[in-house]
1. Is at least one residue of the stretch 207-221 surrounded by fewer than 23 Cβ atoms within 10 Å (Cβ to Cβ), more than 16 Å from ligand 1 (Cβ to nearest atom) and not in a loop (DSSP other than H, G, I, E, B)?
2. Consider only pairs whose beta carbons are under 7 Å apart and that are at least six residues apart or on different chains; among these, list those whose first residue lies in the stretch 26-42 and is within 14 Å of ligand 2 (Cβ to nearest atom) and whose second residue is among the small types (G, A, S).
3. Collect the residues in the stretch 224-240 that are part of a helix (DSSP H, G or I) and either open to solvent by less than 10 Å² (accessible area, probe 1.4 Å) or within 26 Å of G264 (Cβ to Cβ) (or both), keeping them in residue-number order.
4. Determine the pairs where a residue that is within 16 Å of ligand 2 (Cβ to nearest atom), located within the stretch 182-197, has a partner that is acidic (D, E) and assigned to a strand (DSSP E or B) with Cβ atoms under 8 Å apart, the partner being 6 or more residues away or on another chain.
5. Residues that are modelled with pLDDT of 95 or more, under 22 Å from R242 (Cβ atoms) and within 16 Å of ligand 1 (Cβ to nearest atom): does the stretch 131-151 have at least one?
6. When you go through (1) open to solvent by 10 Å² or more (accessible area, probe 1.4 Å); (2) modelled with pLDDT of 95 or more one by one for S100, which number turns out not to apply?
7. Considering only the stretch 65-82, how many residues are over 11 Å from D45 (Cβ atoms), open to solvent by less than 40 Å² (accessible area, probe 1.4 Å) and assigned to a strand (DSSP E or B)?
8. Name the residue that is surrounded by the most Cβ atoms within 10 Å (Cβ to Cβ), counting only residues in the stretch 52-64 that are more than 19 Å from the chain's Cα centre (by Cα) and either in a loop (DSSP other than H, G, I, E, B) or within 16 Å of ligand 1 (Cβ to nearest atom) (or both).
Amino acid sequence: MNEYLREIAIKLAREAGELVFARREGQIEVAGTKSSDVDVVTKVDKESEQLLFSRLEELRPDDGFLGEEGREKNSKSGLTWVVDPIDGTVNYLYNLPHYSVSIAVVSGDPRPESWQVEAGVVYNPSTDEMFHAARSSGAFLNDRRLEIAVPPPLHLALLATGFAYSSVMREEQFRILSQLIGQLRDIRRMGTASLDLAAVAAGRVDLYFERTLSPWDHAAGELLVTEAGGSISGIGGLPVGREGILAGHPDLVAEFVEKLSNIGGDRSLAEIPGWEFDSKDVK
Ligand code: IPD
Ligand code: CA
């Protein structure tokens, strides 16, 4: 069943990816802003989500849907599709060829602390790279099976991370990173959380860490990591979700959790002065 769901996700990610890529030939306009002035949505984000929603209505009418751009439907089957129609919208806007369509199908309550991801696909249409996984069937980049390699020591690890759209949170994230950068090989901020997780699965970075993500940013990517033999962890003893997500080889993740705690990088979001999130962004 999971492999069948993965096949659907691959097909739809390709359809939406082709649409998104083709639209990039024209002028891309910001259609609105969300949680802050720098959190933008384009017409193509909405078009891609509409395409995915209506295709899933045809193919899987009893499944639920949770999309970044507001489409939501309760599940009758116990399965829910968690969709980011363009992850890396700012890259897309600037024509940086590093953005994705991210599609996961989860069972149970569609919240990161309780869901089980059954299948997940992250597709970058500008490189034609299709990362895909089905639970218990492995993770792949196109036809190549992915496996997390033996990790380097933490001081030689390459860390990917991302920043929130809230300026208060960005300053906090920068403060934490400034304490880490001297103790790692280096840090990358590539702009697309789902592709950061795919990069961990593919051994392109050793670790990934981010706070304040939404469910659609990491649903598919987290399965890529675990199916490649990596581990996904929350921070500060909390479940994976808005509070934080860490991904990498299990040994390296355990070491990084400790390091983060030593520098106060795992205090809860509620303790960060001035931080408040917009509840419309949180499912
Ligand atoms: C964003 C990207 C970015 C991450 C942000 C996400 P969006 O998603 O994944 O890399 O740092 O936290 O919100 O807005 O481009 O779909
Ligand atoms: Ca998005």
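1. Checking the stretch 207-221: not a single residue is surrounded by fewer than 23 Cβ atoms within 10 Å (Cβ to Cβ), more than 16 Å from ligand 1 (Cβ to nearest atom) and not in a loop (DSSP other than H, G, I, E, B).
2. So the pair list comes out as S35/S166; V41/A31; V41/G32; T42/A31.
3. L224, V225
4. T192/D87; A193/D87; A193/E210; S194/D84; S194/D87; L195/D87; D196/E210
5. Looking for residues that are modelled with pLDDT of 95 or more, under 22 Å from R242 (Cβ atoms) and within 16 Å of ligand 1 (Cβ to nearest atom), one finds none in the stretch 131-151, hence no.
6. Tallying (1) open to solvent by 10 Å² or more (accessible area, probe 1.4 Å); (2) modelled with pLDDT of 95 or more, S100 fails exactly one: (1).
7. Final tally of qualifying residues: 6.
8. My answer is D63.
The values are calculated or read from the model by the stated rules, or taken from the named source; none is laboratory data. Bear in mind the structure is a predicted one, so any value in this text is a computation, not a measurement. Every residue, glycine as well, gets a Cβ built from its backbone with ideal geometry; the counts of neighbours run over all protein chains shown. To get the accessible areas, we keep the full protein, side chains included, count just its heavy atoms, and leave off ligands, DNA and RNA. Shrake-Rupley method; radii C 1.70, N 1.55, O 1.52, S 1.80 Å.
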